[in-house]
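Here's the structure we're looking at; comments come further down.
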Amino acid sequence: MSAHFTFDKNEAIATITFNRPEKRNPLNDEVILDFEALINQVRDDREVRVLIVTGKGSVFSAGADLSATRGITDPAERARISRETAGRFPRLIGRAFEAITHLDAITIGAINGPAIGGGWSIALAFDFCLVADGAEFWVPEVDMGVPYRGAPAQLMAARMGPWRAREAILECRHYRADELLAMGLINRIVKREELMDEAQALAERLARKPVAAVQGSKRDINAFFFGQRLF
């Protein structure tokens, strides 16, 4: 089992939890590969009907692990190090994003706190998104000198529209949960202490739905956003 996550399964419902709260649940190559492996484990388990993903502590995920830039105040130097350490990170985030979106299981993001950069990219992939009150979302990549690109950027543009997507990506604007709710980008805001109970209740309702009907409907919805063939 990965040191970066906990994994629990109760009959048809599985839960993956980011488990490095002392570091604000950061992402790096190793973490994303471990996350993708857990997603594939869920994919291969025919019993799992619903997957919940959440974070331990007060942050869902602070995004890319930027520990290498700690203590460096020069913006140009920080940007240079960020570009060097990014490596294959965007491609791996894209792989994890696609692994989530292609699951037959319904996915629920229980976003317990800020979702930053790659953390917001992952949150965009979920079928349902329940967000703790007070959570914020933003992508800081451009300010770090790194393009924000790939499937998450394209989905953000499809769902937010080009003007708001430019605002989010190029301005690196911070969004409160209530702003995203007003734009239809999350399902609902929940008191932090009630978040997992709400996610579990939703998962139980979804797990009781007819399998073929759920999976067929999910594929057709995804086809609109991802260009998959309907027939």
Of ALA201, ALA207, ALA212, the only residue that is surrounded by fewer than 16 Cβ atoms within 10 Å (Cβ to Cβ) and under 20 Å from ALA110 (Cβ atoms) is ALA201
Matching entry among ALA158, ALA165, ALA123 (being aliphatic (A, V, I, L, M), within 23 Å of PHE35 (Cα to Cα) and in a helix (DSSP H, G or I)):
ALA123
Identify, please: which residue in the stretch 126-155 is in a helix (DSSP H, G or I) and among the hydrophobic types (A, V, I, L, M, F, W, C) and is, among those, surrounded by the fewest Cβ atoms within 10 Å (Cβ to Cβ)?
VAL142
Tell me, which strands (runs of 3 or more DSSP E) lie completely within the stretch 1-104 with 3 or more residues that are modelled with pLDDT of 95 or more and within 22 Å of LEU124 (Cβ to Cβ)?
13-18, 50-55
For the subset of the stretch 186-231 comprising residues that are at pLDDT below 95 and in a loop (DSSP other than H, G, I, E, B), which member is farthest from MET160 (Cα to Cα)?
PHE231
Identify all residues within the stretch 160-178 that are on the phi < 0 side of the Ramachandran plot and surrounded by 15 or more Cβ atoms within 10 Å (Cβ to Cβ); write none if there are none.
MET160, ARG164, ALA165, ALA168, ILE169, TYR175, ARG176, ALA177
Residue pairs within 6 Å by beta carbon, gap of at least six or interchain, first lying in the stretch 153-177 and under 24 Å from ASN112 (Cα atoms) and without any contact (Cβ under 8 Å) to a residue 40 or more places away in the chain, second among the charged types (D, E, K, R) and part of a helix (DSSP H, G or I), listed first then second, are CYS172/ASP143; ARG173/GLU167
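The values are calculated or read from the model by the stated rules, or taken from the named source; none is laboratory data. These figures come from a predicted structure and were not determined experimentally. Heads up, the Cβs are rebuilt from the backbone with ideal geometry, glycines too, and the neighbour counts pull from every protein chain shown.
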